[in-house]
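Presented below is the structure to which this report refers.
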Amino acid sequence: MSSGDAVIVRALIVEDREKLARLLQRGLRKEGLAADVALTGEDAVWMASSTTYDAVILDIMLPGMNGREVCRRMRTQGVWSPILMLTALDRVEDRIAGLDVGADDYLVKPFSFAELLARLRALARRGALERPAVLQVGALRLDPATRRAWRSEDELYLSQKEFGLLETFMRRPGEVLSRLTLLEHAWDSGYENRSNVVDVYLRRLRAKVDEPFAGRMLETVRGVGYRLRAEE
């Protein structure tokens, strides 16, 4: 890599086919990177949790714990290194599933090594930002990939719009959100700002998120908007 490129100093290669893993390792080392290899998902989670990597190259088709579960566990354990998934699965649904569990990019096999390096440089420019696969605010948890939500251990059965509203609140906990902000995030441009649709769906959401439980989390800030309390 040239000196003008974003720098990746150390990468983790997670690939069960040892010949390919070592080939990638040699290629990265020739480019001046330190590169470690994990042949199993379990080893990958342990290594990524104990060492800070600038990037993780993760194969999906691993025996035992597959790549998507590896990615999910890394994110759950607070590992925010950029993850590039490698796979022979090229369906759109497979790519979406990988990105939804917390991956940052997706490269289909067979691939060009030059493209792999370019994608790693792009990931390095973004840096290691927190991108939890499952959102949590207080007792509320929400999984955007599976479209499921819970308060404590009780699952919340939400409509599509109710889910969209809750996700908007959970991505901005403690912040007062106006009706216009909620409309922009959970509805398309066909709704007029004067519509009371936000109030209607908030009542429905509160009936599921707050009313059956002790402690209200969705608050009205009179004259301003609504807020999800960061703490119960």
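What follows draws every value from the coordinates through simple rules; no lab data is involved. Remember, it's a predicted structure, so these values are computed and weren't measured experimentally. As a convention, Cβ positions derive from the backbone with ideal geometry for all residues, glycine included, and neighbour counts pool all protein chains shown.
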Least to most buried among ILE60, ILE83, ILE13 (fewest other Cβ within 10 Å first):
ILE60, ILE13, ILE83
If packing is taken as the mean number of other Cβ atoms within 10 Å per residue, what is the order of 179-186, 99-106, highest first?
99-106, 179-186
Search the structure for amide H atoms under 5 Å from the amide H of VAL14, placed 1.01 Å from N in the peptide plane, and list their residues when 5 or more places away or on another chain.
ALA38, ILE57, LEU58, ASP59
Listed with the fewest Cβ neighbours within 10 Å leading, ILE57, ILE96 appear as ILE96, ILE57
Which of the peptides 164-171, 73-80, 16-23 is most tightly packed, and how do the rest follow, going by the mean number of other Cβ atoms within 10 Å of each residue?
164-171, 73-80, 16-23
Can you run phi through the Karplus equation (6.51, -1.76, 1.60; θ = phi - 60°) for segment 199-216 and list ³J(HN,Hα) in whole Hz, with x for Gly and Pro?
4, 4, 6, 5, 4, 5, 5, 4, 4, 9, 8, 10, 4, x, 10, 7, x, 8
Tell me the angle of helix 67-76 to the major Cα principal axis of the chain, expressed in degrees between 0 and 90 and rounded to the nearest ten.
60 degrees
So what's the angle, to the nearest 10 degrees on a 0 to 90 scale, between helix 113-126 and the longest Cα principal axis of the chain?
40 degrees
For MET217, residues with placed amide H under 5 Å, excluding near neighbours:
none
Sequence-distant lysines (8 or more away, or on other chains) whose Cα lies within less than 24 Å of LYS109
LYS19, LYS30
Just from its helices, what would the mean residue ellipticity at 222 nm be for the chain, if runs of 4 or more DSSP H residues each count -39500 (n - 2.57) and the sum is divided by every residue, rounded to the nearest 500 deg cm²/dmol?
-11500 deg cm²/dmol
How far is helix 160-170 tilted off the main Cα axis of the chain, in degrees rounded to 10, range 0 to 90?
80 degrees
